[in-house]
1. Can you work out ³J(HN,Hα) from phi for every residue in segment A:14-21, in order, using Karplus 6.51 cos²θ - 1.76 cosθ + 1.60 and θ = phi - 60°, giving whole Hz and x for Gly and Pro?
2. Quick one: helix B:155-199 against the long Cα principal axis of chain B, what's the angle to the nearest 10°, folded into 0 to 90?
3. Can you tell me the 0 to 90 degree angle between the C-alpha axis of helix A:78-100 and the longest principal axis of chain A, rounded to 10?
4. Out of residues 5 or more away from A:A44 or on other chains, whose amide H comes under 5 Å of its own, with H placed 1.01 Å from N in the peptide plane?
5. Ranked from highest to lowest mean number of other Cβ atoms within 10 Å per residue, what is the order of the peptides B:69-79, A:36-46?
6. Find the centroid of the Cα atoms in segment B:45-87 and in segment B:135-168, then give the distance between the two in whole Å.
7. List the lysines whose alpha-carbon lies under 26 Å from that of B:K28, not counting same-chain residues fewer than 8 positions away?
8. Using alpha carbon coordinates only, what is the Rg to Rh ratio of the protein assembly as shown, with Rh defined as the Kirkwood radius?
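The values are calculated or read from the model by the stated rules, or taken from the named source; none is laboratory data. Since we're looking at a predicted model, the values are computed, not measured. Every residue, glycine as well, gets a Cβ built from its backbone with ideal geometry; the counts of neighbours run over all protein chains shown. These accessible areas exclude ligands, DNA and RNA; they are computed on the full protein's heavy atoms, side chains included. Shrake-Rupley method; radii C 1.70, N 1.55, O 1.52, S 1.80 Å.
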Amino acid sequence: MNLEKFLPLTETTFYILMALTEPGHGYAIMNKVEELSGGKVRTAAGTMYGAIENLIKQKLIKAVPSEDKRRKVYLITDEGKQILQLETERLKHLVLVAQNHGF
Amino acid sequence: MRKFKVFIDIDEEEKFLREMAEKGYIFKKYSYFGFYHFEPAKPQTLNYRVDYRMFGIGGNPEFLNYVAMFEDAGWKHVYGTKISGSQYFLPQHDEEVNDIFSDSESKRQRYIRLYQQCIVSLACAIIYFIAVLAINNFNLSSYLFQTPGLWEMGGTKFWRAFWFEFPFMLLRLIPILIFTTGGLCYAIWAIKAKKLFENKY
């Protein structure tokens, strides 16, 4: 799979993938994203549901078995982790360039 | 009370439900062909939010997961089934005015899903129509009137045979009319939904 096509990630996608390095259901992801972003990224239920659906289609996250009968629990896939790695390197480079220019 | 309305613009639908509640009619359920059911109550402000999602006959676990996620996030699922398409929500706490979408892209996606569903329904209507035609060798009149040699008969004999067959002809015609009308509606709705997601968001 050509992973480069997923880059750059939107802020929301980045935080969702980061949140799902540990398993969590939909609402848990909403809270985790808000927490990780320091309250900056607040995603409404419908938007989050669509984002999860999208990431599953792209195989960057998957549903994993859980004891909760109603709520599906999701987890990042290996591809998802590789994307996070690539994105982190891209961001590091951006920061480095910015620092070299006195920012 | 029942009201017949068809909305493609979901924002307009939300507005309509809110205005009905302000007049003292609380939305209870939506049945097919555009009937909204209301129950009288004291006038109140209810900020309905409508999503469009089809889960399909086998989509029960996903439907439950979807509803649970909205409930966890502070929404009450007022009406909607796994095959109703439209999903109606109200804030669990009346004072909160929030949206179920936090970006315009997910609002746009809602119209894209509605559009795709219209296209699927339109395709079903077309396939049905072609199938009926194909089964009858593309001769609809011999399918509707099946009395042998009917059109060669004359005078009283013709009319007697004609009116005898007429109710049976209607029974064969009505499904075709329903599917044709339905197909036309879905074609119009698909065009409207497409305009909305192309221009509005």
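1. For segment A:14-21, the Karplus curve yields 4, 5, 5, 4, 5, 4, 8, 5 Hz.
2. Roughly 30 degrees, rounded to the nearest 10.
3. Roughly 30 degrees between the two axes.
4. Hits under the 5 Å cutoff: B:S102.
5. In decreasing order of mean packing, B:69-79, A:36-46 become B:69-79, A:36-46.
6. After rounding, the separation between the Cα centres reads 49 Å.
7. B:K3, B:K5, B:K15, B:K42, B:K76, B:K82, B:K107
8. Taking Rh as the inverse mean 1/r over Cα pairs, Rg/Rh reads 1.13.
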